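K.L.:
Have a look at this one before I ask anything.
What follows is calculated from the coordinates using simple rules that are stated; it is not laboratory data. No experiment lies behind these values; they were computed from the predicted model shown. Note that we place each Cβ from the backbone using ideal geometry, even for glycine, and neighbour counts take in every protein chain shown.
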Amino acid sequence: MQVLLVNNHYKESTEFMAEKIAVRLRELKADVLIDNGSTDLSSQIPDKLDLIIVLGGDGTILRASRQYALKQTPVLGINMGTVGFLSHIEAAELNGYLEALINGKYTLDKRMISEVDIVENDHLIASVHCLNEVAIKAKELHMISFDINIDEQKLNTIKGDGVIIATPTGSTAYNLSAGGPVLDPDMKAFIITPVAAYKLNTPSIVVSADKIITVTPIKCAGAIIGMDGQVVYDFKENYRIIIKQANITLNLVNFKKHQFFYKVDNKSGR
């Protein structure tokens, strides 16, 4: 069995825990590789992975999902951060689940992923997979404006600090902080949430995931495009951003069903 352990090298506790888990997994006859994010291990990662275990907070899981989602490997998130919406167990619980994990005795939550293409004059600049959201924001203290099309339907021009286009998984992240709705992560949809819109009470819009969302700038000098808070591009005047549902999912290992709404109530301060 090929197992990849992903941890955050900025957090010593996750490095220590990764080494400890690796010893136990090797005792169970698994082949283990550790990625702490400090170096590029792409050439060392086997084409076929059986399991990815991520140690850290949601940010570490976001990094792992972006790097390894194409492999469609089951991912177990172990919370060693603060919020832990994407983690299913705490570090202290892992020993009780290791044998079940190795034997495949778990269910999978299949989370929708966005595919974001940045296009300049019909030339593809970048294509990025996002688990949480695409955020378009002003870098400076001035208003930006842009158009959004949903398939062929054009919305009113949006003016303000920016916009968030989130997945159901990302609905509890930046989208929630900006006043957007929380969606069941089993849904397939996009949420379009304006940030400090010039027009008061501009609502969020929930859009079916089979739609394609296109964002084009009007006055976006100094604006940025951020994906999952980790990948950033300048939003240039001749760019278009095309957002659609990816044909892959993030497959999260789940030992405990019906935990999402409990987490929303307890971790969002309700």
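K.L.:
With unit charges on the beta carbons (Lys and Arg positive, Asp and Glu negative) and the dipole taken about the Cα centre of the chain, which residue among GLY226, ASN132, MET187 sits farthest to the positive side?
P.N.:
Ranked along the dipole, the leading option is MET187.
K.L.:
If you don't mind, there's one more thing I want to ask. Quick one: if the Förster radius is 22 Å, what FRET efficiency do MET1 and ASP186 give, using the C-beta to C-beta distance and rounding to 0.05?
P.N.:
Working: r = 28 Å, r/R0 = 1.28.
Plugging the Cβ-Cβ distance into 1/(1 + (r/R0)^6) gives 0.20.
K.L.:
Report, to the nearest 10°, how far helix 58-68 tilts away from the longest principal axis of the Cα atoms in the chain, using its own Cα long axis and a range of 0 to 90°.
P.N.:
The angle comes out near 90 degrees.
K.L.:
Now for a different question. How would region 113-246 be classified by its alpha-carbon gyration tensor: rounded, prolate or oblate, with rounded meaning a/c under 1.5 and the a/b versus b/c comparison settling the rest?
P.N.:
rounded
K.L.:
Grab the other residues whose beta carbon is less than 10 angstrom from that of ALA189, score K and R as +1, D and E as -1, and report the net.
P.N.:
0
K.L.:
Right, something else. Per residue of the chain, what 222 nm ellipticity follows from adding -39500 (n - 2.57) for every DSSP H run with n ≥ 4, rounded to the nearest 500?
P.N.:
The per-residue figure over the chain is -4500 deg cm²/dmol.
K.L.:
Could you order peptides 163-172, 13-22, 93-102, 197-206 by the average number of other Cβ atoms within 10 Å of their residues, highest first? Please report the intermediate quantities before stating the final value.
P.N.:
Details: 163-172: 26.6, 13-22: 17.8, 93-102: 14.8, 197-206: 13.3.
My ranking of the peptides, most packed first, is 163-172, 13-22, 93-102, 197-206.
K.L.:
Further, regarding this structure: For region 141-157, what does the Karplus curve 6.51 cos²θ - 1.76 cosθ + 1.60, with θ = phi - 60°, yield as ³J(HN,Hα) per residue in whole Hz, taken in order and with x for Gly and Pro?
P.N.:
Result, ordered by residue: 7, 8, 7, 10, 9, 7, 9, 10, 10, 10, 6, 9, 9, 8, 7, 4, 4 Hz.
K.L.:
I've got another one for you. Round to the nearest 0.05 the FRET efficiency obtained for LYS211 and LEU41 when R0 = 35 Å and r is the Cβ-Cβ distance.
P.N.:
Working from the Cβ atoms, E equals 0.45.
K.L.:
Can I ask one more? Shape of region 1-124 from its Cα gyration tensor (a ≥ b ≥ c, root eigenvalues): rounded if a/c is under 1.5, otherwise prolate when a/b > b/c, or oblate?
P.N.:
Prolate, because a/c is 1.5 or more and a/b exceeds b/c.
K.L.:
Kirkwood hydrodynamic radius of the chain from all distinct Cα pairs, in Å?
P.N.:
19.5 Å
K.L.:
Still on this model: Tell me the angle of helix 12-27 to the major Cα principal axis of the chain, expressed in degrees between 0 and 90 and rounded to the nearest ten.
P.N.:
Between the helix axis and the principal axis of the chain, the angle is about 50 degrees.
K.L.:
For region 69-172, what is the charge dipole size about the Cα centre, in debye to the nearest 20, if Lys and Arg each add +1 at the Cβ and Asp and Glu each add -1 at the Cβ?
P.N.:
Approximately 220 debye in magnitude.
K.L.:
Now, a different point. Using +1 on the beta carbon of Lys and Arg, -1 on that of Asp and Glu, and nothing else charged, what's the dipole of region 113-246 about the Cα centre, debye to 20?
P.N.:
380 debye
K.L.:
In the neighborhood of HIS9, defined by Cβ-to-Cβ distances under 11 Å, what is the net charge if each Lys or Arg adds +1 and each Asp or Glu adds -1?
P.N.:
For residues surrounding HIS9, the net value is -2.
K.L.:
If the only charges are +1 at each Lys and Arg Cβ and -1 at each Asp and Glu Cβ, what is the size of the charge dipole of the chain around the Cα centre, to the nearest 20 debye?
P.N.:
Rounded to the nearest 20 debye, it is 500 debye.
K.L.:
Starting from the amide H of ILE53, placed 1.01 Å from N in the peptide plane, find each other amide H under 5 Å away whose residue is 5 or more places distant or on another chain.
P.N.:
LEU4, LEU5, VAL6, LEU76
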